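Trainee: I'd like to ask some things about the structure below.
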Amino acid sequence: MSNSKRFLHVFALIENYLRELTPKDKRISFYERVDTVGRAKPAVRRFDRDLKEFADLRNAIIHESSDGHVIAEPNERAVQDLERIAELILKPPVVIPLFQTEVVTLAPTSSIALAVRTMFERSISQLPITNATNNREFVALLTTNTVARWLGAGLTGGDANLERTTIGEVLVFTEDADNHCFLARDATLFEAVACFQQHETEGRRLDAVLITTNGKSSERIIGTMTIADLPRALKAIGGEGR
């Protein structure tokens, strides 16, 4: 199969996908469909520039000269790039199992000393705090920054006893309670990366994406993704694109 036929076949798959998610109106251009779907689908939004450039190449390919030969025959790299993007858009990788892990949680009534020891032993900087009754319903995300703020205030006030202080008492020093977000196990890596990007755009810090079966805070946390995991996620979804 020629490169042009491979290219047109893959491009048609993407175009059909976009048409299924937008109004069935022939007057709507491919560019417009990319913009519309991209607002809801981070995978499409991530490759919007690439898709529009490939649309221009498609237009050049389908306009044949008088002797039946295509005007533009895409090179192998262009075809492979489009095939890679199509795979990521049509079958985007999801957060589980890549970021599935055994997540340790503590209750607000536990001592901050236990939390600090747990963070040290597991080399983590975030610790989900859950309801003491069912050990599942999410309460807050304890971070090393919060611990440091409490410790600084305690040293200034002369009361920073780790054993006597509960996690709940330390959580009042949380700078931003909206330092996390929840995603379902079948959420795409594009959605996870978009959570970090959205917080950054708003000038806020996202400390962790917490993953549960259906993305609900009342469910057991089965995986996490932090800023340190971004390089691995970006690699899995094709880096920064072309």
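The values are calculated or read from the model by the stated rules, or taken from the named source; none is laboratory data. These numbers come from a predicted model, not from an experiment. Glycine also receives a Cβ, built like all others from the backbone with ideal geometry; neighbour counts cover every protein chain displayed.
Trainee: Which residues, taken from region 1-30, are assigned to a helix (DSSP H, G or I) and either among the polar types (S, T, N, Q) or without any contact (Cβ under 8 Å) to a residue 12 or more places away in the chain (or both)?
Mentor: Those that are assigned to a helix (DSSP H, G or I) and either among the polar types (S, T, N, Q) or without any contact (Cβ under 8 Å) to a residue 12 or more places away in the chain (or both): N3, S4, K5, H9, A12, N16, E20.
Trainee: I would also like to ask the following. As an exercise: evaluate N134 against (1) within 30 Å of R19 (Cα to Cα); (2) loosely packed, with under 14 Cβ neighbours inside 10 Å and give the number of the one condition it does not meet.
Mentor: It is condition (1) that N134 fails.
Trainee: Go through the residues of region 182-196 one by one and say whether even a single one is loosely packed, with under 15 Cβ neighbours inside 10 Å and touching a strand residue (DSSP E or B) at 6+ places or on another chain (Cβ under 7 Å).
Mentor: yes
Trainee: Within region 89-113, which residues are more than 21 Å from A192 (Cβ to Cβ) and free of Cβ contacts under 8 Å to residues at least 12 places away in the same chain?
Mentor: None - no residue of region 89-113 is more than 21 Å from A192 (Cβ to Cβ) and free of Cβ contacts under 8 Å to residues at least 12 places away in the same chain, so the list stays empty.
Trainee: Right, something else. With the condition kept exactly as written, say whether any residue in region 69-90 is outside any helix (DSSP H, G or I) and at pLDDT 95 or above.
Mentor: Within region 69-90, not a single residue is outside any helix (DSSP H, G or I) and at pLDDT 95 or above.
Trainee: Taking region 198-216, which residues are at pLDDT 95 or above and among the acidic types (D, E)?
Mentor: D207
Trainee: Based on this model, can you work out whether L142 counts as of a type outside the set (D, E, K, R), touching a residue at least 40 places away in the same chain (Cβ under 8 Å) and in a strand (DSSP E or B)?
Mentor: Taking the combined requirement at face value, the residue does not satisfy it.
Trainee: Now for a separate question. Answer yes or no: is there a residue in region 12-34 that is under 22 Å from V79 (Cβ atoms) and in contact with a strand residue (DSSP E or B) (Cβ under 7 Å, 6 or more places away or on another chain).
Mentor: Checked against the condition, which is being under 22 Å from V79 (Cβ atoms) and in contact with a strand residue (DSSP E or B) (Cβ under 7 Å, 6 or more places away or on another chain), region 12-34 yields no hits at all.
Trainee: Pairs, please: C-beta under 6 Å, at least 6 apart or cross-chain, first residue surrounded by 14 or more Cβ atoms within 10 Å (Cβ to Cβ) and in region 31-57, second among the polar types (S, T, N, Q)?
Mentor: From residues that are surrounded by 14 or more Cβ atoms within 10 Å (Cβ to Cβ), the pairs are R33/T22; T36/T22.
Trainee: Look through region 157-194, keep the residues that are touching a Leu at 6+ places or on another chain (Cβ under 6 Å) and part of a loop (DSSP other than H, G, I, E, B), and return whichever of them is nearest to T224 (Cα to Cα).
Mentor: N179
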